[in-house]
1. Restricting attention to the stretch 228-236, does a residue exist that is in contact with a Lys or Arg (Cβ under 8 Å, 6 or more places away or on another chain), touching a residue at least 24 places away in the same chain (Cβ under 8 Å) and in a strand (DSSP E or B)?
2. From ASN291, ASN262, grab the single residue that is buried (at least 23 other Cβ atoms within 10 Å of the Cβ), touching a residue at least 24 places away in the same chain (Cβ under 8 Å), of a type in the set (S, T, N, Q) and over 16 Å from TYR58 (Cβ atoms).
3. Taking the stretch 190-227 only, how many residues are under 18 Å from the mean Cα position of the chain (by Cα) and in a strand (DSSP E or B)?
4. With the checklist (1) touching a residue at least 60 places away in the same chain (Cβ under 8 Å); (2) of a type outside the set (Lys, Arg); (3) within 20 Å of LEU190 (Cα to Cα) in hand, flag the one item GLY140 doesn't pass.
5. Would you please list the contacts, defined by Cβ atoms under 8 Å and residues six or more apart or on different chains, that run from a residue in the stretch 301-325 that is at positive phi and touching a residue at least 40 places away in the same chain (Cβ under 8 Å) to a residue that is of a type in the set (S, T, N, Q) and assigned to a loop (DSSP other than H, G, I, E, B)?
6. Do you know which residues across the stretch 220-257 are farther than 27 Å from PRO306 by Cα and among the aliphatic types (A, V, I, L, M)?
7. Taking the condition crowded, with 17+ Cβ neighbours inside 10 Å and at pLDDT below 95, does THR276 pass?
Amino acid sequence: MRFIQLAAATAVGVAVCACSSPPTSGGFTPVVRTAGPAASAPGKSWLTPAAKGQTLLYVSDVGGVTVYANTGGTNFALVGELFGFQVPAGECTDARGDVFITDETAQVIDEYAHGAITPKAQISDPFGQPLSCAIDRKTGRLAVTNSANPSGAEPGNVVIYPSPSGPPTDYSDATLYVPLFCSFDRKGNLYVTAYDSSYHPVLGEFGKGAGGFTILSLAGGTWFLPSGVLATGTELLIGDVYDRTTHIYEARVSGSTATIFNTIPLSKTQYLAEFTLWGSGSSATILAPDNTYSNVEIYTYPGGSPLGAITSGISSPVGTAISPT
């Protein structure tokens, strides 16, 4: 899985913004996630009947996707598994609760209705190997980040479908050399984390109605290794994977600058990937998939206090998405 391979290769890389010299790795040895036996010998997909009437958490893993229902507080029960993928990676949901799951080496995005065990559609990606996706809830646009081109080499690109059934348009940007994760905000602006050609972290914004990306500068902190990104109202949550000080930045965007105003420590997570938020208001929690510790750690939001972890059925998690009823 390219996101983890790249992060491993750049664990001794350089930082941007407020750092004048490269950090050291501190002995960080992440697990490289590849298509293993589960990808070539999938099991049979299943979901408990009662789960269809519940809000569900989908977690992509090696060869498959595990599905969970909340049973109260921070407790999640495994209620299903989806198979038939090569390298499932990022996930996103639309306004109907349909779940989109990128499959990197298959070069497709599978669309599942809420609670379904077979895809309702399979979307081809002719421009590369899809790592993550995002849905514009207002217009239905589907954005996909390709961390590599169709041959598996860099650079990658970002493609946008006017709808899941529409023809995609390639919006390559030389600075977004290896696009990673993406998220739409409520206004229809798309944000993408990426590596540039020197493997420094970069943040791009594709504004609503724009014809291309604006590369945002980051103020107020040091970004070492990029991971997930999540737009929440007027704020951005930006993941940073750096040894044992993994955290999420809270930032606000104004013009071409994203200014960090808070750092959320993730003390029990090492290899943060595509995180998400469960719940809302004072009860909201961060769900942080971690390839190194083989779990989805749960933290308070925005405090970052650890509350527990989801471990059942999890090996090397990367993507998370929530599908409401």
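The values are calculated or read from the model by the stated rules, or taken from the named source; none is laboratory data. All values derive from a computational prediction rather than experimental measurement. Quick reminder, even Gly has a Cβ in these numbers, built from the backbone with ideal geometry, and neighbours come from all protein chains shown.
1. Within the stretch 228-236, one or more residues are in contact with a Lys or Arg (Cβ under 8 Å, 6 or more places away or on another chain), touching a residue at least 24 places away in the same chain (Cβ under 8 Å) and in a strand (DSSP E or B).
2. ASN291
3. Final tally of qualifying residues: 15.
4. For GLY140, the exception is condition (1).
5. Correct list of pairs: GLY304/SER267; GLY308/THR74.
6. Once the filter is applied, which keeps residues that are farther than 27 Å from PRO306 by Cα and among the aliphatic types (A, V, I, L, M), the stretch 220-257 yields only VAL253.
7. no
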